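All of the numbers you see were taken from the coordinates with simple rules; none came from a lab. Remember, predicted model here, so these are calculated numbers, not experimental data. Note that each Cβ is placed from the backbone with ideal geometry, even for glycine, and that neighbours are counted across all protein chains shown.
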C-alpha cells in the first residue's frame with residue numbers, strides 16, 4: 001500500500017514539475033514528457049543516450065516517413081541520433097515502438113501477448129495511444145509504445161510526441177526554434193487524444209498569387225511534391241487531415257504526378273474547391289478540356305473530363321466535390337437551375353460508381369452550398385443523403401446557413417467552408433492577418449452546436465501570415481467541446497509559450513489579442529483617409545496611439561528575446577504589428593494633409609511629406625521580410641498589394657494616397673480649429689464655441705492654433721476664471737500647436753455654466769466660449785448622459801437575467817472597442833419575449849427627455865435559419881419590448897456596409913417621459929446574436945461622426 005502511495009505521489013510530483021519542463025501544444029492539454037528521471041518513467045533521452053526506435057517494415061510508408069521526422073526531432077532537441085531498428089530482436093534496454101493496429105506485426109504481437117489493449121483502438125477513427133510497457137520482450141527493460149487505430153492515428157501519435165518534446169508545427173513555416181534539452185522522460189499512463197470530434201479538418205490554399213506562388217517557384221520550382229511535402233507535414237502536425245490544394249492556374253494532379261502519391265502516403269485526404277467537380281482542378285479545363293464549360297451544350301466532353309478525373313483518383317483517399325458552377329468561380333446560369341444541377345449530380349454519381357466499382361455511398365462526396373448554390377438549396381434542391389452538405393460563410397467569417405435544430409440527420413452530415421482570406425467584394429483581403437480567434441470560435445462553436453461535424457475547412461490564402469488562426473482552427477476542430485469563451489485567453493497564452501520559449505508571454509498575449517482586434521475593426525484594404533475621424537473624440541489619434549503602444553512593446557520584446565527566436569517573432573508578431581500600425585498612420589497622415597490643406601495650415605505640407613515617408617516604410621518592412629528575414633527564406637511572401645484600392649480588386653502595385661502641397665503666405669497668418677469640427681477661424685467675426693465639458697466625465701477638449709504663413713507669431717491666452725486651465729497659455733507658433741483645455745472642478749462653481757477666454761495671436765483677438773456642467777451626482781445611477789448621448793460597451797451590464805439552461809456569455813475581446821455578449825447555448829429555439837425571458841439590464845441616467853434612439857451594435861451575423869431573421873427585444877423600464885430584426889434589411893448594399901464595417905447597427909425609437917434614472921433592457925430572443933455596444937441618442941444632442949462610435953460614458957456605480 002505504501003508503495004502504491006509513493007507511486008501516486010511521485011506521479012503527482014512529475015505533473016507539478018511539468019511547469020518547469022518541456023512545452024506542450026494547446027490541442028494537447030495533457031503534458032506527459034518531463035525533464036526528470038524516475039524508476040516509473042521512460043527515459044526517451046537521458047545521460048547522453050536516446051532510446052532506439054522500432055517500427056515494422058510492413059507498416060504504412062507514411063508511418064515510416066513520419067518516424068524519420070521523429071528521429072530528426074529528437075536530434076534537433078538533444079543533438080543525439082536515435083537508432084532505428086525494424087526487428088524486436090535487435091532492441092535492448094529502452095525502445096520506442098511505433099505501429100498501426102492490424103498493420104504492424106510488432107504491435108499485433110504485443111496485442112496478442114496482452115501487453116497493450118487493442119480494445120481502446122479497434123474500429124476507432126484516427127486515435128492513438130502512447131504508453132509504457134515493461135519488459136515487452138527479452139532484453140528490453142521498457143518500451144514506449146505508440147499505437148494507432150489507423151495510419152493517421154499512428155502519425156498523430158508520433159507527431160504528438162514531437163510536440164511534447166518541444167517541436168512546434170511552425171518550426172519550418174515560421175522558423176520557430178527548438179529548445180535544446182538533455183533529459184526527456186515520459187510519464188506512465190495511457191496518453192491519448194481520443195477520436196476527433198470533426199471527421200475531416202483542413203485548409204484551402206487559395207488566392208496564392210503573387211505571394212505564395214512567387215515563393216514556391218523560387219524555392220521549389222512550383223507547386224510540386226517538394227513544396228507539398230512541407231504543407232502535408234504542417235497539416236498533420238496540427239492534427240488536420242484534409243487539403244484543397246493551390247488552384248490559381250495550378251493543377252495538383254498534373255503539375256507533378258508525385259503530389260497525389262505523396263498525399264496518399266502521408267494520409268492527407270485530398271479534395272477540390274466548391275467549383276471543381278470530380279477531382280479536376282479548374283485550370284485543367286483550360287489546359288485539357290474541350291469546348292465550353294456548359295453542360296447544356298457540351299455534356300459529352302464534360303462527362304469524359306470528369307470520368308478521367310475519377311480514374312486518376314484511383315483508391316487514393318479523397319472527398320469528391322459534386323455539383324457544378326460556372327467557369328471561373330461564377331454562377332452557372334442566370335436564375336436558379338435546379339433541374340439542370342440535379343441531373344448533373346445524378347450523372348456525376350453514376351460516373352463515380354462506374355469508375356470506382358463500389359456502391360456510391362462508399363465514396364465520400366460533398367456538395368458546397370456556396371454563394372448562388374445555396375439559393376438552389378433554399379428553393380428545394382436536394383442531393384442524396386450520403387453526400388455531405390458543405391455549408392459556407394459569406395466569405396467574411398459569417399456563417400450563411402446551418403441545419404435546422406429539428407432537421408432529419410443526414411448520413412453524409414454537414415460541413416463548413418470558412419474564410420481567413422478572400423478575393424471579391426466589397427474588397428479583397430489577403431495581405432495580413434485580420435482574424436480574431438474569438439470570432440472564429442463564436443461562429444464555429446455555433447456550427448458545431450448545430451451538428452456540423454463532418455468537414456471543417458478554412459481558406460487560408462498563402463498560409464502565411466495566418467499561422468495563429470490556422471492552428472486555432474485545426475485545434476478547435478479536433479475537439480470543439482474543449483473550447484469556450486472563458487478559456488480563449490489561455491489558448492493565446494499556451495500558443496505564445498510554445499512558440500517563444502515562455503519569454504515575455506503575457507506581453508505577447510496582449511499584442512496578439514489587440515493587433516487582431518484592431519485589424520478586425522476594418523481590414524487594411526478597406527482603410528482610407530476618412531475611416532477614423534481626426535476631429536471627433538480624438539478617434540484617429542487614439543487608434544494610432546493604441547497601435548503605437550503595441551509596436552513599441554513588440555519592438556522592446558524583440559530586443560530582449562534570445563536571438564534564435566527573433567525570426568519567428570518577426571513573422572508571427574513584430575511584422576504584422578509594425579506593418580498594421582504604419583498603414584493606419586499613413587491614412588491618418590493623409591487625412592490630416594487633406595483637412596489641413598483646406599484650412600491653409602502650414603503643417604499640411606509636412607503631412608504630405610510624412611505620407612511619402614510612411615509609404616516608403618511599408619516597402620522597407622516588406623523588403624526586410626523578403627531579403628533579410630531568415631536569410632531571405634521568405635522572399636515574395638509579403639508581395640500582396642494592399643495600399644490604394646479603389647474597388648473590390650487589388651491595384652497592380654501599391655498606390656500612394658493623393659496629397660496636396662499648398663502655397664503659404666509670406667507672413668504670419670494665425671488660424672484656429674477646434675475639436676469636433678472641420679471649420680476654422682481666421683478672424684473673430686464668427687463665434688467660436690468649444691465642445692461642452694462636464695465634471696463626471698472630466699474630459700478635456702482642445703483648440704489647434706495654427707499658422708497659414710511662413711513667418712512665426714506669438715500668442716497669449718487669458719481667461720477671467722482661474723478654473724479654466726490650458727496646457728500652454730503663451731508661446732510662439734511656427735506651424736501649429738494643440739492647446740488642451742480643462743476645468744479645475746474643485747474651483748469651478750456648480751451647475752450649468754458658460755465662460756469665455758481670449759486668444760491673442762499676431763495682435764488679433766479671438767474670443768472662445770466654453771460650456772460646462774459641474775454636476776452633483778448624488779442620486780444618479782448607471783451610465784450618465786453627456787452631450788446628448790450615452791455609450792455603453794455591452795459587457796458592462798448592470799444585471800443579467802438567465803432562463804433555465806439559457807445564459808448570457810461574455811466573449812472577451814470580440815468587440816471593436818470592448819467585448820461582446822451572446823446567449824448560450826447557440827442551438828436553442830427562439831425564446832418568446834416576456835418578463836421572464838433572458839435579458840440584460842443597463843442602469844442609465846438622462847438629463848433630457850423626449851424621443852430617443854437606441855443604436856445597438858452587433859457583430860454582422862447572417863440569418864442562418866429559415867426564419868425571417870434573428871431577433872432581439874429592447875425596452876426602457878416597464879415599456880413593452882420592441883422586437884427588432886437584425887436581418888430586416890438583407891440587401892447587398894447593407895451586407896457590403898456591415899462586413900466592411902465589421903458591425904451591424906440596428907436602431908429602435910423610444911420616448912423618455914422624465915429625466916433621471918431609467919433601465920434599458922435588451923431581451924434575448926434568438927441565439928447567435930453578439931451585442932458589442934449600445935449608443936443612446938437623445939433629442940438634445942447630435943452624435944459626432946466616428947467609425948467606432950462614441951467612447952463609453954461615465955458610469956456611476
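Just report the Cα centroid separation between the range 747-814 and the range 840-919, whole Å.
21 Å
Can you give me the Cα centroid spacing of the range 76-122 and the range 707-741 in angstrom?
First find each Cα centre; the distance between them is then 81 Å.
Take the alpha-carbon centre of the range 396-441, take the same for the range 367-392, and report the distance between them in whole Å.
15 Å
By DSSP, what percent of the beta bridges with both residues in the chain are antiparallel, rounded to the nearest 5? Walk me through the intermediate numbers first.
Numbers: 104 of 151 bridges.
Within the chain, antiparallel bridges account for around 70 percent of the total.
Given N residues in the range 651-795, what is its alpha carbon radius of gyration divided by 2.2 N^0.38 Å? List each step's numbers first, then the result.
Values: Rg = 18.9 Å, N = 145, 2.2 N^0.38 = 14.6 Å.
Cα-based Rg divided by the globular estimate yields 1.30.
What is the Cα convex hull volume of the range 570-666 when expressed per residue in Å³?
It comes to 105 Å³ per residue, whole-number rounded.
Of all the Cα-Cα pairs you can form in the range 234-372, what percent are over 22 Å apart?
36 percent
What are the semi-axes of the equivalent ellipsoid of the range 782-956, taken as the square roots of 5 times the eigenvalues of the Cα gyration tensor, listed largest first and rounded to whole Å?
Semi-axes from the Cα gyration tensor: 24, 19, 15 Å.
Explain nothing, just the number: relative contact order of the chain, from Cα pairs under 8 Å at least 6 residues apart, as a whole percent.
Contact order relative to length: 9 percent.
Does a label point 7 Å from the Cα of residue 545, set along Cα-to-beta-carbon, have any residues of the range 902-945 with amide nitrogen under 19 Å, and which are they?
The answer is 944-945.
Bin width 5 Å, alpha-carbon pairs only: give the P(r) of the range 783-830 as whole percents, running from 0 to the bin holding the largest distance.
For the range 783-830, the pair-distance distribution reads 5, 17, 22, 20, 18, 10, 5, 2, 0.
Could you calculate the FRET efficiency of residue 807 with residue 109 from 1/(1 + (r/R0)^6), where r is the beta carbon distance between them and R0 is 45 Å, rounded to 0.05?
With R0 = 45 Å, the Cβ-Cβ based efficiency is 0.30.
What Kirkwood hydrodynamic radius, in Å, does the range 348-436 give when the mean of 1/r is taken over all pairs of distinct Cα atoms and then inverted? Working shown, then result.
Numbers: mean 1/r = 0.0666 Å⁻¹.
Result for the range 348-436, one decimal place: 15.0 Å.
Using 0.36 nm per residue of separation minus the Cα-Cα distance, give me the extension gain between residue 258 and residue 711 in nm, one decimal.
Difference between extended and current length: 155.8 nm.
Quick check on the exposure proxy: order 701, 861 from fewest to most C-beta atoms within 10 angstrom.
Working: 701 19, 861 22.
Sorted ascending by nearby Cβ count, the order is 701, 861.
Take every Cα pair under 8 Å in the range 505-632 that's 6+ residues apart, average their separations, divide by the length, and report that relative contact order as a whole percent.
Details: 100 pairs, mean separation 32.0, N = 128.
Worked out over the range 505-632, it gives 25 percent.
Please rank 390, 236, fewest neighbouring Cβ atoms within 10 Å first, as an exposure proxy. Numbers along the way, then the final one.
Numbers: 390 26, 236 22.
Ordered by Cβ neighbours within 10 Å, fewest first: 236, 390.
Where does the chain land on Rg/Rh, using Cα atoms and the Kirkwood Rh?
That ratio equals 1.01.
Just from its helices, what would the mean residue ellipticity at 222 nm be for the chain, if runs of 4 or more DSSP H residues each count -39500 (n - 2.57) and the sum is divided by every residue, rounded to the nearest 500 deg cm²/dmol?
It lands at -9500 deg cm²/dmol.
Gain in length, residue 697 to residue 942, computed as 0.36 nm per residue apart minus the alpha-carbon separation, to one decimal in nm?
Values: separation 245, 0.36 × 245 = 88.20 nm, distance 1.76 nm.
Here the segment from residue 697 to residue 942 would lengthen by 86.4 nm.
Principal axis extents for the range 200-485, Cα atoms only, whole Å, descending order, please.
So the three principal-axis extents are 51, 48, 38 Å.
Based on the Cβ-Cβ distance from residue 89 to residue 226, what FRET efficiency comes out when R0 is 35 Å, to the nearest 0.05?
0.40
For an R0 of 51 angstrom, estimate the FRET efficiency from the Cβ-Cβ distance between residue 609 and residue 758 and round to the nearest 0.05.
E between residue 609 and residue 758, to the nearest 0.05, is 0.90.
Evaluate the Debye formula for the range 721-774 with equal point scatterers sitting on the alpha carbons, no solvent, and hand back log10 of I(q)/I(0) at q = 0.14, 0.27, 0.32 Å⁻¹, in q order, two decimals.
-0.43, -1.19, -1.45
With labels modelled as points extended 7 Å from the Cα through the Cβ direction, what inter-label distance (nm, one decimal) is found for residue 298 paired with residue 616?
In this crude label model, residue 298 to residue 616 measures out at 5.1 nm.
Quote to one decimal, in nm, the extra length available between residue 138 and residue 58 on full extension: 0.36 nm per residue of separation minus the C-alpha distance between them.
That pair, residue 138 and residue 58, stretches by 26.6 nm at full extension.
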